[in-house]
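Each reported figure results from applying straightforward, stated rules to the coordinates on display, with no laboratory input. None of the values given here were measured: they were computed from a predicted structure. Positions of Cβ are backbone-derived with ideal geometry, glycine not excepted, and every protein chain shown enters the neighbour counts.
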Amino acid sequence: MASPPSTRVAIVGAGRGGTALLDLLHQIGTIEIVGIADLNPGAQGLQRARELNVPVYEQVADLVGNHGVNLVMDVTGDPAMEQRLRDQIPAGSDILSGPASRLLWELVQHESALQAELLHAEKLAGIGSFAAGIAHDMNNPLQLILGLAENLAEERDLDTVHLQARDIIEAVKRTTAICRDLTSYSRRASSHQDSRVAINSKLDEALKIARYAVALQDIEIRKGYQPDTIVKGNPDELLHVFVNLITNAVHAMGDRGTLTLETSAIDGVTQVRVSDTGCGIPPELLGRIFEPFFTTKPPGKGTGLGLYNIRNVIHHMHGTIGVESQVGRGSTFTLTFRHQSDPEDRSVRP
Amino acid sequence: MSEFKSGFFVGGETCNGRVLIVDDEPDIRKVVRMTLQKAGYDVLEAENGEKAIETINTGENRLLLDVIVCDIRMPKVNGIEAIAYFRQNYPRVPLIVLTGFPDTDMATSLLRQGVVDYLVKPVEGERLKASVARAMEQRELAHL
């Protein structure tokens, strides 16, 4: 049973520091953010708070004076603020401000940079397993090109020459597509603000990439997509999440079985489900699979960071990840995102 | 004598032997067929291990198939499984592996199982023909 929230935090200041703090604290189950205050109604942290259903205040007194606040975090950078807060907070609550608050802000930045590094490192480690798939997809068109070119050197029939030259051009295009897919996948996740991501096409893109890592030819792929399913997040990170979930599913099936990809958006809740008919996860391990460095794969086959990173990405998007599994029957990973209304931004990133 | 080299049989035309090419990529089957036909071989195709097993068990192929050129990464029955089947049921038919992915461990293990050559795509026509010609010789020796 989950323990009740133990710390009730108020954030004062909704600039970059306040926003980062909000994002971090919101992911921690034992912390309840009772509100965030800033005099500037357009401050980015207030906008973020509205998306997360965290109450926003213009006046600090309205925020810190009640709500049973245990800890006030002052990230305004205003030296006079600490004294004002001391006069307003209820007895028994603490204030974190000045250099301590600055240090915390730096730690938050550091943590966020480390997570991005870890995600990228794990992605690059995974690309090693693409070798077989890349070799297969590169060398087949190269065999065609070589065979046709050898024939063209002796071919006298002009129609055949034209036909085979066109085949060569098509084969070259196929090999360049491989390079394009992989360079776009291996790049560092862009640090731009989260955007609206079309989930269905992102899942299809992930399938294309996963083909390099795992043999999909004997996997039956079922898709149950609800049209126009959209979540807000980083498109590069989401692609990585989907590739990871798909390759895990195929590994669990030993290259034969049924992979089901589903999306739905009902009553403001968007879900993505990735299911396999593989070996399943024993109940005693289910609680550990999201731990860093936990892996059931043999040494050298898995970093143990895949699901850990996935959970971090999903938490950063303020979503949740759940798993249901039956040994011998298969597993289903479900990503759930509460709808965050943002009527002004209708742009959808590929 | 129960088996003959197919070259003796194919009606009237010059035929150096019958080769089955097993690969899931139609393009690969096309170029390998082109190369081997020009060298005077009769060529059959199968798109995966399952089809290959079907083909070798069909009619005169049981007797007349001389060499199999087989890919590894294929759907349904993959190359490894198909090769194990051929080695067990048709031990006299020489096998050549033509794969897109060079894997030393796999090559060693397959050569131990009696595969006569392990070719990595892209392979030049001359090299492929030389390999098939050598396999044909082995096939003929098997009849002696």
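According to the Cα gyration tensor, what semi-axes, each the square root of 5 times an eigenvalue, does the equivalent ellipsoid of segment B:9-88 have, listed from largest to smallest in whole Å?
21, 15, 9
For chain A, build the charge dipole from Cβ charges (+1 Lys, Arg; -1 Asp, Glu) around the Cα centre, then report which of A:ILE281, A:PRO235, A:LEU207 sits farthest towards its positive end.
A:ILE281
When the expected Rg is taken as 2.2 N^0.38 Å, what fraction or multiple of it is the alpha-carbon Rg of segment A:93-144?
2.26
Could you pull out every residue, at least 5 positions away or on a different chain, whose amide H is within less than 5 Å of the one on B:LEU119? Hs are placed 1.01 Å off N in the peptide plane, and Pro or chain starts have none.
Residues meeting the amide H criterion: B:VAL97, B:LEU98, B:THR99.
Between beta-carbons, use under 15 Å as the cut-off and find the net charge around A:SER325, counting Lys and Arg +1, Asp and Glu -1.
0
If you take every residue apart from A:THR263 with its C-beta less than 10 Å away from the C-beta of A:THR263, what net charge results, scoring Lys and Arg +1 and Asp and Glu -1?
Around A:THR263, the surrounding residues sum to +1.
Picking from A:LEU307, A:LEU152, A:LEU114, which is most flexible by a Gaussian network model of chain A using Cα springs under 10 Å?
A:LEU152
Scaled to the compact-protein estimate 2.2 N^0.38 Å, what is the alpha-carbon radius of gyration of segment A:194-350, rounded to two decimal places?
1.01
Roughly how tilted is helix A:16-26, in degrees to the nearest 10 and between 0 and 90, from the longest Cα axis of chain A?
Taking the Cα atoms of chain A, the angle to A:16-26 is about 80 degrees.
Applying the Karplus parametrisation 6.51 cos²θ - 1.76 cosθ + 1.60 with θ = phi - 60° to the phi angles of segment A:142-148, what ³J(HN,Hα) value in whole Hz is obtained for each residue in order, glycine and proline being reported as x?
5, 5, 5, 4, 4, x, 5
Given springs between every Cα pair under 10 Å in a Gaussian network model of chain A, which of A:HIS110, A:HIS162, A:HIS240 has the largest fluctuation?
A:HIS162
If you put +1 on each Lys and Arg Cβ and -1 on each Asp and Glu Cβ, how big is the dipole of the protein assembly as shown around its Cα centre, in Debye rounded to 20?
Computed about the Cα centre, the dipole is about 500 debye.
Considering only Cα-Cα distances, which of the following residue pairs are longer than 24 Å: A:LYS173/B:LYS129; A:LYS223/B:LYS51; A:LYS202/A:LYS232; A:LYS202/A:LYS297; A:LYS297/B:LYS51?
Distance filter (> 24 Å) returns A:LYS173/B:LYS129; A:LYS223/B:LYS51; A:LYS202/A:LYS297; A:LYS297/B:LYS51.
Could you list which residues have their amide H under 5 Å from that of A:ILE33, counting only those 5 or more apart in sequence or on another chain, with H placed in the peptide plane?
For A:ILE33, whose amide H was placed from the backbone, the distant partners under 5 Å are A:VAL9.
Pairs of Cα atoms under 8 Å, at least six residues apart: use those to get the relative contact order of segment A:1-128, whole percent.
Over segment A:1-128, the number comes to 24 percent.
Add +1 for every Lys or Arg and -1 for every Asp or Glu among the other residues with Cβ under 15 Å from the Cβ of A:LEU22, and state the total.
Once positives and negatives cancel, what remains is -3.
Average projected area of the Cα convex hull of the protein assembly as shown, in nm²?
30.2 nm²
Residue by residue, what Karplus-based ³J(HN,Hα) values in Hz, rounded to whole numbers, does segment B:91-103 have, using 6.51, -1.76 and 1.60 with θ = phi - 60° and x for Gly and Pro?
x, 8, 8, x, 10, 10, 8, 10, 10, x, 10, x, 9
Provide the percentage of antiparallel DSSP beta bridges, counting only those with both residues in chain A; round to the nearest 5.
Looking only at bridges with both residues in chain A, the antiparallel portion is about 55 percent.
Would you give the gap between the C-alpha center of segment B:90-141 and the C-alpha center of segment A:181-247, rounded to a whole Å?
Each part's Cα centre sits 38 Å from the other's.
For segment A:203-212, in order, what is each residue's ³J(HN,Hα) by Karplus, 6.51 cos²θ - 1.76 cosθ + 1.60 with θ = phi - 60°, in whole Hz (x at glycine and Pro)?
5, 5, 4, 5, 4, 4, 5, 4, 4, 6
How big is segment A:108-247 by Rg and Dmax over its Cα atoms, in Å?
That works out to 19.6, 70 Å for Rg and Dmax.
Please identify the longest segment of chain B free of exposed GluC sites (Glu not before Pro), where exposed means a DSSP state other than H, G, I, E or B and no more than 15 other Cβ atoms within 10 Å.
Result, exposed sites excluded: B:61-123.
Rg and Dmax of segment B:34-144, Cα atoms, in Å?
13.1, 36
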